[in-house]
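The values are calculated or read from the model by the stated rules, or taken from the named source; none is laboratory data. For clarity, every value in this text was computed on a predicted model and none was experimentally measured. Glycine also receives a Cβ, built like all others from the backbone with ideal geometry; neighbour counts cover every protein chain displayed. These accessible areas exclude ligands, DNA and RNA; they are computed on the full protein's heavy atoms, side chains included. Shrake-Rupley method; radii C 1.70, N 1.55, O 1.52, S 1.80 Å.
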Amino acid sequence: MIISIDLILHKTKAYRHLLFNVINQHTVNFEGSLWKSIFAFLLLDAYRSLLLKRNEGEWGSSMSFSSIVWTFQEIIVDVFVGNFVFLCILLLSMRLVLNSTIQISRCKDILLAVLVSSYFKIFLIATMVWEFPSSVIFIIDLFVLSSNTVALKVITDSTMNRCIAACFCAQAAKLLVSQVPARRLLRFENIDRSFSLY
């Protein structure tokens, strides 16, 4: 319990203990933990996108089956493409920060550190019970960003400024990629629907 509180408070000692003593390649089934963390991360990210669509009014009970399928396809594409861009930008910026090549095992360590430090996304589940304004989702995103920064600082032994820059660039690229194509596709879908009316 104390470690959980220290993680919430972003204490580097707690992250160091978690990433090097509790979760590492020698103490747990690393590959299994990595895949489970990836699945949970993508699932929570998809739920976040669904919450944003619901708050924007794009999700409702009067939707047709085809628009529900279209919305889910859009969410899945946004989640996978956005997180792929996030990971690529993060690894590229970590390579620039560390001024060396990153081996595969180091990439796995960085990926697991980012996934584990994104534990704040679990608070999105509270929106199933209570209604929150959409600003709560962005507050959770800020906590995830700050937690990712601390985890990167611990795993790479880099300065906090470089880790903040790497995480911010990766998160900005993810938001840019996941927001712009969705609006373009939505515009093309509306054009397609207007032609089908004739």
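Here A126 fulfils each of the conditions (1) farther than 23 Å from F20 by Cβ; (2) buried (at least 19 other Cβ atoms within 10 Å of the Cβ) apart from (2). One residue alone among H10, H17 is in a helix (DSSP H, G or I), surrounded by 15 or more Cβ atoms within 10 Å (Cβ to Cβ) and at pLDDT 85 or above, and that residue is H17. Among the criteria (1) at pLDDT below 80; (2) more than 15 Å from I155 (Cα to Cα), the one I104 does not fulfil is (2). Would you confirm, using the coordinates I've provided, whether S62 is open to solvent by 30 Å² or more (accessible area, probe 1.4 Å), modelled with pLDDT under 85, in a helix (DSSP H, G or I) and not charged (D, E, K, R)? Answer is no for this residue.
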